[in-house]
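In what follows, a structure is listed as structure tokens, so that the remarks can point back to it.
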Amino acid sequence: MQVTIRLFAALRELAGAELVEAFEGPTVPLDELRARLAERHPALAPHLDGVAVAVNEEYARGGTTLLHDGDRVALIPPVAGGGAETAPPRVLVTPEPLDTLSLRDLVRSDASGAVVIFEGIVRDHHEGRAVERLEYEAYREMAEREIARVVAEVRSEAETAGSPLHGVAVHHRVGMLQVGEIAIVAAVSAVHREEAFRAASHLVDRVKESAPIWKREWGPGGASWQEGTAVRP
């Protein structure tokens with residue numbers, strides 16, 4: 001059997017964009033794949049304990065997960081932190097500039113007394129260092145699926161709490177962004193501002209924690225991948 005391993009951000013630079021590993025037998029446990037990668041690719045070994053793993057664009061939740069022939073495995077380092085609707089979609093990861101007003105119009109309804117918009121903007125500094133630009137990279141297919149899961153989770157929690165949301169949307173940009181450009185837009189509408197603000201805050205926090213999106217910081221001293229949050233599948 002063979003499995004394909006996709007790598008992102010700093011891991012890709014250490015070992016290449018894609019690896020193919022062959023095993024005997026019809027299945028292999030995920031822990032065995034980790035051990036194989038540590039042995040055959042020493043540059044990856046120090047990082048393997050800190051990465052999450054996705055199998056066929058779904059987070060794996062244990063080292064005993066069995067891999068099968070043809071499975072697509074992705075190593076997800078700590079992340080920086082669509083649907084089938086007509087354009088614009090409610091969930092999108094795109095290299096194109098983001099349009100805040102289109103998301104506002106997408107989520108609002110005549111019953112909405114509040115629409116909360118969050119814009120994440122590239123700033124010119126980070127932890128005392130000058131920043132000239134940021135480069136975002138994503139495992140795009142999985143990022144959109146994970147963001148859609150977070151959106152559904154936030155909507156379900158609001159419904160359970162008795163304060164349903166009218167609309168929720170998240171767009172995230174990838175590629176090279178200059179200072180002042182928008183990296184993420186999250187939009188939430190509801191009857192009242194309190195539930196809209198609360199849901200928007202939860203939404204952005206969870207997207208940053210779980211969506212496989214990374215950023216590289218460019219400054220006068222060169223470029224480096226930013227330390228992120230370890231993914232919790």
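The values are calculated or read from the model by the stated rules, or taken from the named source; none is laboratory data. Here the structure is a predicted model, which means the values were calculated and not measured. All Cβ positions, glycine included, derive from the backbone under ideal geometry; neighbour counts span all protein chains shown. The area values use the complete protein model at the heavy-atom level, side chains included, leaving out ligands, DNA and RNA. Shrake-Rupley method; radii C 1.70, N 1.55, O 1.52, S 1.80 Å.
The conditions of being of a type outside the set (A, V, I, L, M, F, W, C), at pLDDT below 95 and within 21 Å of the chain's Cα centre (by Cα) are met by Gln226.
Among the residues of this structure, Asp105 does not count as one that is within 22 Å of Gly219 (Cα to Cα) and among the acidic types (Asp, Glu).
Of the strands (runs of 3 or more DSSP E) entirely within segment 8-109, those holding at least 2 residues that are among the aliphatic types (A, V, I, L, M), surrounded by 16 or more Cβ atoms within 10 Å (Cβ to Cβ) and modelled with pLDDT of 85 or more occupy 52-55, 72-76, 91-94.
Residues in segment 147-175 that are touching a Pro at 6+ places or on another chain (Cβ under 7 Å) and modelled with pLDDT under 95: Ala158 alone. Of everything in segment 183-215 that is under 26 Å from Glu57 (Cβ atoms) and among the β-branched types (Val, Ile, Thr), the residue that is surrounded by the most Cβ atoms within 10 Å (Cβ to Cβ) is Val188.
Being out of contact with any Phe, Trp or Tyr (no Cβ under 8 Å at 6 or more places or on another chain) and either open to solvent by less than 40 Å² (accessible area, probe 1.4 Å) or among the acidic types (Asp, Glu) (or both) is the filter here, so list the residues in segment 218-231 that pass it. Hits for segment 218-231 are Gly219, Gly222, Glu227.
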